[in-house]
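I have placed the structure first, in the form of structure tokens, so that the comments after it can refer back to it.
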Amino acid sequence: MDSYQPRPVTPQSPQGGRSGGGGGGGNGFSAILAVFLSFIAIFAMIVIPSSSTSRNGFSVLHQVPEGHVGVYWRGGALLKMITDPGFHLKLPFITHYEPVQVTLQTDQVRDIPCGTKGGVMINFEKIEVVNRLHKDYVHDTLLNYGVQYDNTWIYDKIHHEINQFCSSHSLQQVYIDVFDQIDEKMKDALQGDCTRYAPGIEIISVRVTKPKIPESIRRNFEQMEEERTKVLIAIEKQRVVEKEAETSKKMAISEADKNANVSKILMEQKLMEKDSARKQQEIENQIYMAREKSLADAYFYRLLKEAEANKLKLTPQFLELKFVEAIADNTKIFFGEKIPSMFLDQRLLGNFLQQLSRNASEEEKSTA
């Protein structure tokens, strides 16, 4: 760190002066006053710190503010020494000092004229660039581009990039279509060149305001926007009507589906009831047929057995017995010429039946 040691000033007696008290006293007082003022000046240069450019070369003690670093020049040559925030000493008149900000700063670039692809002149009133110079690159950056490095890589570069952008796009694109992309395009362009040539400069963000365009064109854009707004309103109304119609259609379809489903359910219920009744009737019919068949079989079996039994009973002796029993049961008997014939007929009948039974037995034996 540079320091300065002041040399003591020894007052010299004026030669050729008067030896009188008045003249000698005045010259002594002037010498003392000169020495006193010299000491005050030296004290002011040492004690009073200064950050301003006007007193930069005269002060010995200086202050580096927070968020900055101190850089020094000696005889116009940039020194490698960089100081942190606080109080520091330097050689007056010989060493020049400047504070350099290393925190986030916002540079505002104003009044940027440019011509669009169609030849229309527009003007960007303000573009803000948020950037930062890294502490480790302060010496290299200032060595190559000076303290006003942002003039080269921010102010001049913004003018160049905006003109390049406008010249390749139409007014419609710059003012409306791709206006939202200008911020990112400017940031990428600035950061690309800074990374290549001045790596210590970091571009954080770029904010571009809406450019000024000729009044007549602006009115046309406003009319276009109004017409576009009307079209959008009409489209939205149409969508609302379509949605309402679609909603009504869906409600009608839903109601029809509901009625159809209800009818289907009722029809299925009736069919199920009919099918259940049919099955019940079939079961009853089967039960009735089975009962009637059982009765018929039983009746047939009874008749068959009775026929077999009667067949076994039909003998001449049984018939004569029955004949006698029938005669015995009668309380009245009529006698006449037919009585003998009646008894004869009964005997003939018995003989005939007897002959039939013999024939039947013979047939059974022959078949066996």
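The values are calculated or read from the model by the stated rules, or taken from the named source; none is laboratory data. Since we're looking at a predicted model, the values are computed, not measured. So basically every Cβ, Gly included, is an ideal-geometry build from the backbone, and we count neighbours across all protein chains shown. Calculation scope for accessible area: heavy atoms of the full protein, side chains included, ligands and nucleic acids excluded. Shrake-Rupley method; radii C 1.70, N 1.55, O 1.52, S 1.80 Å.
Sorting ARG239, ARG302 by solvent-accessible area of protein heavy atoms yields ARG239, ARG302, largest first, with a 1.4 Å probe. Taking a straight Cα-Cα cut-off under 18 Å and skipping sequence neighbours fewer than 8 places away in the same chain, the lysines within cross-link reach of LYS90 are LYS80.
Evaluate Rg over Rh across the range 72-190, taking Cα atoms for both radii and Kirkwood's formula for Rh.
1.13
Under the simplified labelling scheme, the GLN164-LEU271 pair shows an inter-label distance of 7.9 nm, with each label point 7 Å from Cα along Cα→Cβ.
Computed with a 1.4 Å probe over protein heavy atoms only, the accessible area of SER248 comes to about 70 Å². Our estimate of slack between LYS230 and GLN108, defined as 0.36 nm per intervening residue step minus the Cα-Cα distance, is 40.1 nm.
Considering only protein heavy atoms and a 1.4 Å probe, what is the carbon-and-sulfur percentage of the accessible area of the range 281-321? Spell out each step's value before the answer.
Details: 2340 of 3630 Å².
C and S fraction of accessible area: 65 percent.
May I ask you to give the solvent-accessible area per residue for the range 111-226, in square angstrom, as obtained with a 1.4 angstrom probe? Here the per-residue accessible area is 52 Å². With R₀ fixed at 25 Å, the C-beta to C-beta distance from GLN191 to LYS80 puts the FRET efficiency at about 0.40. Taking LYS293 as the anchor, which lysines have their alpha carbon closer than 19 Å to its alpha carbon, excluding any fewer than eight residues away along the same chain? Cross-link targets: LYS305. Stretching the chain fully between LYS305 and ALA290 yields a gain of 3.2 nm (0.36 nm per residue, less the alpha carbon separation).
In this label model, GLN280 and MET251 are separated by 4.4 nm, measuring between points 7 Å along each Cα→Cβ vector. Counting only heavy atoms of the protein chains and using a 1.4 Å probe, PHE29 has close to 140 Å² of accessible surface. By the rule of a C-alpha distance below 22 Å, with chain neighbours fewer than 8 residues away ignored, the lysines paired with LYS187 are LYS117, LYS126, LYS135, LYS157, LYS210, LYS212. Estimated at the nearest 10 Å², the accessible area of TYR288 is 120 Å² with a 1.4 Å probe.
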